Amino acid sequence: MNPHLSLLKAYPFERLRQLFATVTPNPDFRPISLGIGEPRHATPALIKQAYCDAIMGSGLASYPSTAGELPLRQAIAHWLQRRYQLSVSAQTQILPVNGSREALFAFAQTVLSPERSGAKPVVVCPNPFYQIYEGAALLGAAEPFFVDSNPHRNFAQDWASVPDAVWARTQLLFVCSPGNPAGAVMPLEEWKLLFDLSDRFGFVIASDECYSEIYFRDEPPLGGLEAAMRLGRNDFKNLVSFTSLSKRSNVPGMRSGFCAGDADLIKQFLLFRTYHGSAMSPVVQSASIAAWNDEAHVMENRVLYREKFAQITPLLATVMDVALPDAGFYLWAAVQGSDEDFARDLYAAYNVMVLPGSYLARDVDGRNPGAGRIRMALVAQADECLEAAQRIVAFVQARKSF
Ligand SMILES: Cc1ncc(COP(=O)(O)O)c(C=O)c1O
């Protein structure tokens, strides 16, 4: 057996299941889950139609190529042009992927080189973070190095705190903007700092941008490739961005996204994927073209999230430290006492599930930056989210009076 498998940690939802295993939720309330970040708005009809049309046509009749059909890569290139004013080559700088999760994982296996230096390679990750980064590092025989997000600086990572000796061993850096769980968007100055570090130490940047289309400020979130272009890095050297339809278009079950950036890295990743056997089904490719070509459903989706967040954030802010994020579909709130106790007691008293923040982070110097926080995914319909928020308010108020 691959010895690195034993290093993998329990997934946050597995830990949540264990936390709730011995709790009987109050049967007076119907269950409401804000725990799992799975989009639950309706899948747009135009995507389902394109999917059905492809099945009824020749969509299942042949093996797909790993690079994907050119019309899909062109649809993605046009989207990048419209969304970020970028000129990206559909021939050499874009690859379709089966959701960003598999791609982020596989990309690490492509980039990491255990033999390159005598010392163990490092993968730098934000903290809290999406757990795939850590698993990808561990299975790539690398050591994850976590950089805490700072709640006093809009949850930005303090990249400058990473010692040069760590950067010198770093082969891959994961960034997540908009971030999960805090929803923070990385500004251009921070990108500049990371590009300078990448130039100095030679590491690759994987930019996870799957929440980029759900935002609450006027300006759409800055993308990694867009930042590179604004800083004159038109070849996207050492940078690959990962984007997904799951949240943008409410199709988490379709498994569709893409990565784009540095042509040399994309070429190597294509080689890896050819052997890995991760070509996208032609049916999914057709439905994805329809999705990338349409922006109306994305705007409608964003309005639904904006309405929910506008209603629920101020309500929760009356009892806890929480603010509207830049983007994403989570509220990342500070609570009194232990986040695990909060989640368990809330579930017992009001049948509402939230995720303890410490499950999304790792201890650094004896401190977990997710401790004392909870993550609430506002993915259900507005009335359900509102009811959950009202129950949370009642729970916190009752707790205070003890
Ligand atoms: C930060 C982050 N990245 C990537 C993903 C993977 O999304 P998908 O594989 O559906 O594109 C998720 C899913 O929840 C996520 O939260």
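The values are calculated or read from the model by the stated rules, or taken from the named source; none is laboratory data. Remember, it's a predicted structure, so these values are computed and weren't measured experimentally. All Cβ positions, even for glycine, are placed from backbone atoms using ideal geometry, and neighbour counts span all protein chains on display. Note: accessible area is taken over every heavy atom of the protein model, side chains too, but ligands, DNA and RNA are not part of it. Shrake-Rupley method; radii C 1.70, N 1.55, O 1.52, S 1.80 Å.
So the values come out like this:
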{"read-out": "Proximal charge balance of Leu16 [Cβ under 10 Å; K/R count +1, D/E count -1]", "value": "+1"}
{"read-out": "Surface per residue (accessible, 1.4 Å probe) for the stretch 259-345, Å²", "value": "41"}
{"read-out": "J(HN,Hα) series, the stretch 345-362, from Karplus relation 6.51 cos²θ - 1.76 cosθ + 1.60, nearest Hz, glycine and proline x", "value": "5, 5, 4, 5, 7, 10, 6, 10, 9, 10, 9, x, x, 5, 5, 9, 9, 10"}
{"read-out": "Asn150-Asn2 pseudo-label distance in nm [points 7 Å out on the Cα-to-Cβ vector]", "value": "3.6"}
{"read-out": "For Val147, residues with placed amide H under 5 Å, excluding near neighbours", "value": "Cys125, Asn127"}
{"read-out": "For Phe155, distant residues with modelled amide H under 5 Å away", "value": "Asn150"}
{"read-out": "Cα→Cβ-extended label distance, 7 Å offset, between Ala296 and Ala119, nm", "value": "5.6"}
{"read-out": "For the stretch 256-263, 3J(HN,Hα) per residue [Karplus equation, 6.51 cos²θ - 1.76 cosθ + 1.60, θ = phi - 60°, Hz, x = Gly/Pro]", "value": "8, x, 8, 10, 8, x, 3, 4"}
{"read-out": "Folded to 0 to 90 degrees: helix 282-293 orientation relative to the chain principal axis, Cα", "value": "70"}
{"read-out": "Gyration tensor verdict on the chain (Cα atoms; rounded if a/c is under 1.5, prolate if a/b is larger than b/c, oblate otherwise)", "value": "oblate"}
{"read-out": "Helix 188-201 axis, angle to the chain major axis (alpha carbon atoms, nearest 10°)", "value": "50"}
{"read-out": "Entries of Lys120/Lys247; Lys192/Lys267; Lys237/Lys308 with Cα pairs more than 27 Å apart", "value": "Lys120/Lys247; Lys237/Lys308"}
{"read-out": "Under 11 Å, Cβ to Cβ, from Phe236 - net charge with Lys/Arg +1 and Asp/Glu -1", "value": "-2"}
{"read-out": "Full-extension gain in nm, Ala334 to Ser62, via 0.36 nm per residue minus C-alpha separation", "value": "92.8 nm"}
{"read-out": "Peptides ranked, highest mean first, by Cβ atoms within 10 Å: ranges 332-341, 134-143", "value": "134-143, 332-341"}
{"read-out": "Charge context of Ser33, other residues only, Cβ under 10 angstrom, K/R +1, D/E -1", "value": "-1"}
{"read-out": "Tilt relative to the chain, helix 70-84 - C-alpha long axis, 0 to 90 degrees, to 10", "value": "60"}
{"read-out": "Global geometry of the stretch 1-111, whether rounded, prolate or oblate, following the gyration tensor of its Cα atoms and the 1.5 cut on a/c", "value": "prolate"}
{"read-out": "Built amide H within the under 5 Å cut-off of Thr170, gap 5+", "value": "Val122"}
{"read-out": "Extension gain from Val393 to Asp235, taking 0.36 nm per residue of separation minus the Cα-Cα distance", "value": "51.9 nm"}
{"read-out": "Percent carbon-and-sulfur accessible area, the chain, ignoring ligands, DNA and RNA, probe 1.4 Å", "value": "54"}
{"read-out": "For the stretch 79-178, accessible area per residue (1.4 Å probe, heavy atoms of protein chains only), Å²", "value": "35"}
{"read-out": "Inter-probe distance in nm under a simple model that places probes 7 Å from Cα toward Cβ, at Lys192 and Phe13", "value": "4.1"}
{"read-out": "Rounded if a/c under 1.5, otherwise prolate or oblate - the stretch 200-265, Cα gyration tensor axes", "value": "oblate"}
